[in-house]
Amino acid sequence: MKRWFALLLGCALIAASPAPKSSPKPKATPPKHYAIVINNEMLPIDPPPRFLHGQLYVPVRRTIEALGLQFNKAGKTIWTQVGAENVSLEIGSREAHIDQRTITLGAAPFEIKNVLYAPLRFFTDVLGAQASYDRATNVVSIVAQLMGRSGAGMVEGPEGIQRFGTVSAVDVDSDPPTLTLTYNASVKTIPISRNAIVDMHDVAANVTTPGELAAVRPGDFARIYMQKNGHVTRVEDDFGSYFGRVAAIKGNEFVLNDGHVIVPTRTTEVWLNGRQGSIADLTVGDQVSVRYNVETNEVRSILASRPLAASGSTTSGPVITRVSLSAAGALKPGDWIDVTLYGTPGGAATFDIGPYVTNLAMSESSPGVYTDRYKLPAAINVEGAPIIGHLRVGGQDAPDAQAPRTLSVSSTPPGVTDFGPADGARVNNPRPAIFATFATDAVPVNPSSISLSVNGHDVTSECVRTKTFVQYFPDYDFRRGAVRVTVRVADDAGNTTTKSWSFTIKE
């Protein structure tokens, strides 16, 4: 069994490996074992520090926010405020600025997969912290007195207050609705203004989309921005998710068909077809959606769906003869679906969208025909969810039945997780390979939607396009100087992303 599981896991990981790239970025070794300690507090930061060309780089946003400072970015410029001083740096530039003073760093900040890294010196010389790296334990330690972040999960700045922590409860029925955050031992329930902006940040796809408070789930990591009078202006909900089918199960762990190994904890909630269960209830082939906390990587919920077996009941009780779904193909939030259930007349019928939305009431439009028209809510991501009908007549329940069609819905456009040559790179090769890789949630990329242009010329017909990447090998030399690339990609639901960047061919 162990050999079989290891072999299957290895095959899944190989299958999930990205296509080879002609000009790969330097790789860190091995990043997963690095950690950051700030003022003696171990941070579960992902991504971790990286070593490139013998120099240590630290992820900027996570570290700045852990220091209790505001992270701001516009284009290639990043800035924060330390006390009364404004600190800024630019991607690709070795110069950092403290008000009017300039400090030269040992290396320029850069981005890998849309994550900004800066040399450790930025945090020491520019932010005034003390830092060290222990090669024996692979731990970066940073000690700073500029901490604005409190043990209660709060940062107070000149423009307002930011509270952050793990979401423990969401109450959309109260007036006003509330969000409860937990950070260390602090628990804070915060009224959310009706006009507050809610941004849903999917870290797996690296995409932020507008959402609703009802889409924020316990276990997510949230930041709440409010004015000093307590009025909440924005909620930023960070979450990570995986979608796929169970490829193998061993004990309390299972592996998805894309190679992700899922390790639940004692607090992980498991739902199968809308009913609470456990890992023991899962089987190979089940469709699952896994949601995890981006700060701790703890798996918080597993929503699983499985086709229902055909009912062989011959009892005289109520029956469902058929369930139908109007939708064909992937949909987006705001689209409508029509569900019809045929069965014994005179009853009360409901239907579920897998484990995601349950107990949606239906009305009997004619004897034995129950219908409902349902508008898909914002920020919903569903892959291959079964439509399951329920019917109760005279105190008796009919065997559940399932529509032949399943439902896939995406509110998140594809993310461009990597691309090359890197933005701002200077390359010697006049015919560099150009590529971009994609990540999606519930709905895959439509390869025919992918387009790529170089310096305003559409070269899509010369590209290799798949659901996970696009690659272009030019058959002519580019002119020396700047080269601008634009990639456009959409998923099967029609959500679209455009990514542009530029690099330079050296003289």
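The values are calculated or read from the model by the stated rules, or taken from the named source; none is laboratory data. These numbers were taken from a predicted model, which means no experiment stands behind them. A quick note on method: Cβ atoms are made from the backbone with ideal geometry, for glycine too, and the neighbour counts reach across all protein chains shown.
Residue count for segment 162-218, restricted to those that are touching a helix residue (DSSP H, G or I) at 6+ places or on another chain (Cβ under 7 Å) and polar (S, T, N, Q): 0. Being farther than 26 Å from D134 by Cα and modelled with pLDDT under 85 is a condition met by no residue of segment 55-65.
Being under 16 Å from the mean Cα position of the chain (by Cα) and in a strand (DSSP E or B) is true for just one of R245, R234, R223. Which residue is that? The unique qualifying residue is R223.
Kindly indicate whether V416 is outside any loop (DSSP other than H, G, I, E, B) and over 22 Å from the mean Cα position of the chain (by Cα).
Working: outside any loop (DSSP other than H, G, I, E, B): yes; over 22 Å from the mean Cα position of the chain (by Cα): no.
The answer is no for V416.
Could you list all residues from segment 242-256 that are in contact with a strand residue (DSSP E or B) (Cβ under 9 Å, 6 or more places away or on another chain) and either surrounded by fewer than 19 Cβ atoms within 10 Å (Cβ to Cβ) or among the β-branched types (V, I, T) (or both)? Steps first, answer last, please.
Within segment 242-256, the subset in contact with a strand residue (DSSP E or B) (Cβ under 9 Å, 6 or more places away or on another chain) is 242-249, 253-256.
Those that are in contact with a strand residue (DSSP E or B) (Cβ under 9 Å, 6 or more places away or on another chain) and either surrounded by fewer than 19 Cβ atoms within 10 Å (Cβ to Cβ) or among the β-branched types (V, I, T) (or both): Y242, R245, V246, I249, E253, V255.
The criterion of being of a type in the set (S, T, Y) and either more than 30 Å from S408 (Cβ to Cβ) or in contact (Cβ under 8 Å) with a residue 12 or more places away in the chain (or both) does not hold for T460.
For (1) surrounded by 20 or more Cβ atoms within 10 Å (Cβ to Cβ); (2) more than 28 Å from the chain's Cα centre (by Cα); (3) outside any loop (DSSP other than H, G, I, E, B), each residue gets a yes or a no:
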site: V58; (1), (2), (3): yes, no, yes
site: I64; (1), (2), (3): yes, no, yes
site: K73; (1), (2), (3): no, no, yes
site: L89; (1), (2), (3): yes, no, yes
site: A96; (1), (2), (3): yes, yes, yes
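Residue count for segment 191-212 satisfying the condition of being surrounded by 20 or more Cβ atoms within 10 Å (Cβ to Cβ), closer than 13 Å to R234 by Cβ and either more than 16 Å from the chain's Cα centre (by Cα) or among the acidic types (D, E) (or both): 1.
Please find, among R479, R488, the residue that is without any contact (Cβ under 8 Å) to a residue 40 or more places away in the chain and assigned to a loop (DSSP other than H, G, I, E, B).
On the way: R488 fails: assigned to a loop (DSSP other than H, G, I, E, B).
Every option except R479 fails the conditions.
Within segment 441-460, is there a residue that is surrounded by fewer than 19 Cβ atoms within 10 Å (Cβ to Cβ) and in contact with a Phe, Trp or Tyr (Cβ under 6 Å, 6 or more places away or on another chain)? Yes, some residue in segment 441-460 is surrounded by fewer than 19 Cβ atoms within 10 Å (Cβ to Cβ) and in contact with a Phe, Trp or Tyr (Cβ under 6 Å, 6 or more places away or on another chain).
Quick check on my filter: what residues within segment 175-218 are of a type in the set (G, A, S), more than 25 Å from S241 (Cα to Cα) and out of contact with any His (no Cβ under 7 Å at 6 or more places or on another chain)? Give the derivation first.
The initial filter retains those residues of segment 175-218 that are of a type in the set (G, A, S), namely 185-186, 193, 196, 204-205, 211, 214-215.
If we keep only those that are more than 25 Å from S241 (Cα to Cα) too, we end up with 185-186, 193.
Residues satisfying the conditions are A185, S186.
Considering T268, T208, the condition of being without any contact (Cβ under 8 Å) to a residue 40 or more places away in the chain, farther than 21 Å from A385 by Cβ and polar (S, T, N, Q) is satisfied by T208 alone. All of T189, T209 fail the test of being polar (S, T, N, Q), in a strand (DSSP E or B) and modelled with pLDDT of 90 or more, apart from T189.
The set of residues from segment 312-358 being surrounded by fewer than 19 Cβ atoms within 10 Å (Cβ to Cβ), out of contact with any Pro (no Cβ under 9 Å at 6 or more places or on another chain), free of Cβ contacts under 8 Å to residues at least 60 places away in the same chain and among the aliphatic types (A, V, I, L, M) comprises just one member, A348.
Among the residues of segment 88-134, the ones that are within 25 Å of V203 (Cβ to Cβ) and touching a residue at least 24 places away in the same chain (Cβ under 8 Å) come to 18 in all. Name the residue that is farthest from I380 (Cα to Cα), counting only residues in segment 437-456 that are at pLDDT 95 or above and in a strand (DSSP E or B). Checking each candidate, the answer is V454.
How about segment 294-400: which strands (runs of 3 or more DSSP E) wholly inside it have at least 2 residues that are under 21 Å from the mean Cα position of the chain (by Cα) and at pLDDT 95 or above?
On the way: elements: 299-305, 320-325, 336-343, 348-353, 357-366, 369-375, 382-393.
Of the strands (runs of 3 or more DSSP E) lying wholly inside segment 294-400, none has at least 2 residues that are under 21 Å from the mean Cα position of the chain (by Cα) and at pLDDT 95 or above.
Going by what's in this entry, would D286 be described as of a type in the set (D, E, K, R), surrounded by fewer than 16 Cβ atoms within 10 Å (Cβ to Cβ) and under 30 Å from A401 (Cα atoms)? For D286, the condition - of a type in the set (D, E, K, R), surrounded by fewer than 16 Cβ atoms within 10 Å (Cβ to Cβ) and under 30 Å from A401 (Cα atoms) - is not met.
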